[in-house]
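Read-outs: derived from the displayed coordinates by stated rules, not from any lab. All values reported here derive from a predicted model rather than from experimental measurement. So basically every Cβ, Gly included, is an ideal-geometry build from the backbone, and we count neighbours across all protein chains shown.
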Amino acid sequence: MTLSPPVRPSASFDRSHTTAVELDNVTFGYDRTRQVLSGITMSIARGQVVAIMGGSGCGKTTILRLIGGQLRPSEGRVIVAGQSVPDLDRDGLYALRREIGMLFQFGALFTDMTVFENIAFPLREHTDLSEEMIRDLVLMKLNAVGLRGAAGLVPSALSGGMARRVALARAIALDPMLALYDEPFAGLDPISLGIVGQLIRKLNDALGITSVIVTHDVYESLKIVDYLYFVSAGRIVAQGTPDEVRASSDPFVRQFVDGEADGPVPFHISAPPLAEEFSVHAG
Amino acid sequence: MPASTIADGLRRVGAGTRRAVTRLGFASRFTFAVLGHSVEGLRRIRLTLREIYFAGALSLVIILVSGLFVGMVLALQGYDILQRYGASESLGVMVALSLLRELGPVVAGLLFASRAGSAITAEIGLMKATDQLSAMEMMAVDPLARVVAPRFWGGVISMPLLAALFSTLGVFGAYLVGVKLIGLDPGAFWGNMQAGVDFREDVVNGIIKSFVFGLIVSLVAVFEGYDAAPTAEGVSSATTRTVVGSSLSILAADFVLTVFMFRGVGV
């Protein structure tokens, strides 16, 4: 596939760096024998919604954790808003994270707080706003995700889709420049899935932020993203715009988009020959 | 024995030792990190008060009821032994010294470990398993200051108060059995107790013990929760390790503290 230039830069995104996130030849492993990512290079322009796709365990979430500074690469550079994330000290990293909103796979809402308190949490921690102002901001964020009426509920009373929307409202509470979404569509019914997908796109455009979505939901992603990276076994194996992906004849992309059981990603993991396993001999 | 078996055995011992040393190193760094974040944590005084409520106030029922029954049993057993030597009037002082010096801090510590320590570990472990700690980090909020330090200090502050209440209810239970049930003279019961209990030697040493046990239980509880594998089984194992580890540590620390505090008893 061809690498297309970044598309749809948002006019309302007025931060100074045109490239919101850049990964340059990034390699990461938990130890020498377990290499998770190899030679990952990607460039995400501000205002874009970009999906990183791949099967379970291929290293997608690790990329998000590298961008957020929760992990440090073994080699290569991770640049966010012009700053080298691995080189930041604790204060620098926390200052950067105040500019990043992250939605975790199952929401990661604080279970000892109400929905309102969850969204007020980053505002209370990082601003000196009055309670009245915090209340208004929280209700505005909740209204944006259609859950103003759920402000008083506790997370255990929410459905999976509602919890994901509350987490989305919390992720944008501080009006971040970058939003990271870890499997935002996992386990959602089709209606909730569509709602969350549209919210990600609309909030990205309305707030002028940049969004990185890690997902394996190819159909929903193709509807809302500007660009896609396909990751397999820790490497980028394909990339392109949604139209390029739909038209692609790349075997990996076709297997992923068409949901085929066997292909470049084999159905069987490495194992001894079947005949040998069952002691079956010819003749 | 084949050489490969010996080599395997040595390898396992080496790997186990390395794991243990690594964990000990992490625990030490964690301890310093928690202490380093304590000022930041204590500045969020409402969080620490909340944890005192959860670890302390919600442990009151088990502590008070246990203290009452331990005191009552101590009085019954003590009276049976003391009367053989014609010293039944010393029941009050015997019960008070037993509770203040040993049973109050130790039993309250063991109960605290199983009631509050396990709850702290499970809560932090589940927060980790459900990405709540990671979410906090990604919101530029340090979980050590926001989650761990308040729970640690909540436990440390609660424990001496609970031990004091345990001993108080224990003495009251002994009074009920010794004076009201058996019929000992209340003047002798309280008078001998007042004369035989030394504030510095007995009360203060008991408070020091309970403070140390509070440190041990709280530290083990927050560490095990923070270090728990982020799975149901991992949280379950961590909770068990908290109860077993802190209980054994309390008993070992009690021996060491007793050796230093009561050297006059012949050690």
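Largest first and in whole Å, what are the equivalent-ellipsoid semi-axes of region B:1-114 based on the Cα gyration tensor, each being the root of 5 times an eigenvalue?
One finds semi-axes of 44, 30, 12 Å for region B:1-114.
Within 9 Å, Cβ to Cβ, of A:GLU183, how many net charges do the neighbouring residues add up to if Lys/Arg are +1 and Asp/Glu are -1?
Net of charged neighbours comes to -1.
Taking just the C-alpha trace of region B:37-265, give me its Rg and Dmax in Å.
Answer for region B:37-265, Rg first and Dmax second: 20.1, 70 Å.
Taking chain B as the reference, fit the longest principal axis to its C-alpha atoms, fit the long axis of helix B:186-196 to the helix C-alpha atoms, and give the angle between the two in degrees, 0 to 90, nearest 10.
Between helix and principal axis, roughly 60 degrees.
Can you compute the helix-only [θ] at 222 nm over chain A? Use -39500 (n - 2.57) per DSSP H run of at least 4 residues, normalise by all residues, nearest 500 deg cm²/dmol.
-10000 deg cm²/dmol
Under the definition of Cα pairs under 8 Å and six or more residues apart, what whole-number percent is the relative contact order of chain B? Can you show the working numbers first?
Numbers: 351 pairs, mean separation 81.6, N = 267.
That works out to 31 percent.
Counting Lys and Arg as +1 and Asp and Glu as -1, what is the net charge of the other residues whose Cβ lies under 15 Å from the Cβ of B:GLY25?
+3
Counting other C-beta atoms within 10 Å, and keeping those with at most 15, which DSSP coil trypsin sites (Lys or Arg not before Pro) do you find in region B:39-136?
Here the sparse-neighbourhood loop sites are B:ARG44.
Angle between the Cα long axis of helix B:118-129 and the longest principal axis of chain B, 0 to 90 degrees, nearest 10?
10
With each run of n ≥ 4 DSSP H residues scored as -39500 (n - 2.57), what mean residue ellipticity at 222 nm is computed for chain B after dividing by its residue count and rounding to the nearest 500 deg cm²/dmol?
Helix contribution divided over all residues of chain B: -25000 deg cm²/dmol.
Calculate, in nm to one decimal, what A:ARG32 and A:ASP175 gain on full extension: separation in residues at 0.36 nm each, minus their alpha carbon distance.
That pair, A:ARG32 and A:ASP175, stretches by 47.6 nm at full extension.
On a straight-distance basis, which aspartates and glutamates could pair with A:LYS141 in a cross-link, Cα separation under 12 angstrom, same-chain partners fewer than 8 positions away excluded?
A:ASP175
Would you work out the relative contact order for chain A, in percent, from Cα pairs under 8 angstrom that are 6 or more residues apart?
This gives 25 percent for chain A.
What longest region of chain A stays clear of chymotrypsin sites (Phe, Trp or Tyr not before Pro) that DSSP places outside H, G, I, E and B and that have at most 13 other Cβ atoms within 10 Å?
A:1-266
Assuming R0 = 45 Å, can you tell me the calculated FRET efficiency for the pair A:LEU153 and B:VAL21, based on Cβ-Cβ distance, to the nearest 0.05?
0.45
Using a Förster radius of 35 Å, what is the FRET efficiency between A:GLU75 and A:LYS202 based on their Cβ-Cβ separation? Nearest 0.05, please.
Working from the Cβ atoms, E equals 0.40.
Per-residue mean of other chain beta-carbon atoms within 10 angstrom of the beta-carbon, peptide B:140-149?
3
So how far apart, in nm, are the two label points at A:LYS223 and A:ASP112 if each is 7 Å from Cα heading toward Cβ?
Output for this residue pair reads 3.9 nm.
For region A:174-283, report the translational diffusion coefficient in µm²/s to the nearest whole number, using Stokes-Einstein at 37 °C, 0.692 mPa s, and a Kirkwood Rh over Cα pairs.
The estimated diffusion coefficient comes to 199 µm²/s.
How about A:LYS223: which lysines have a C-alpha closer than 18 Å to its C-alpha, ignoring those fewer than 8 places off in the same chain?
Once the sequence-local lysines are set aside, what remains near A:LYS223 is A:LYS202.
Viscosity 1.002 mPa s, temperature 20 °C: give me the Stokes-Einstein translational D for region A:57-105 in µm²/s, with Rh taken as the Kirkwood radius over C-alpha pairs.
190
Label points 7 Å out from Cα along the Cβ direction at B:VAL244 and B:VAL39: separation in nm?
Going from the B:VAL244 label point to the B:VAL39 one covers 3.9 nm.
How many percent of all Cα-Cα pairs in the protein assembly as shown sit more than 36 Å apart?
Considering the protein assembly as shown, 50 percent of its Cα-Cα pairs are separated by more than 36 Å.
Which angle from 0 to 90°, rounded to the nearest 10, does the C-alpha axis of helix B:232-261 make with the longest principal axis of chain B?
50
Stick to Cα atoms and the Kirkwood definition of Rh, then tell me Rg/Rh for region A:19-260.
So for region A:19-260, dividing Rg by the Kirkwood Rh gives 0.97.
Quick check: pseudo-label points 7 Å beyond the Cα along Cα→Cβ at B:ARG29 and B:PHE260, how many nm apart are they?
Label at B:ARG29, label at B:PHE260, 2.8 nm between them.
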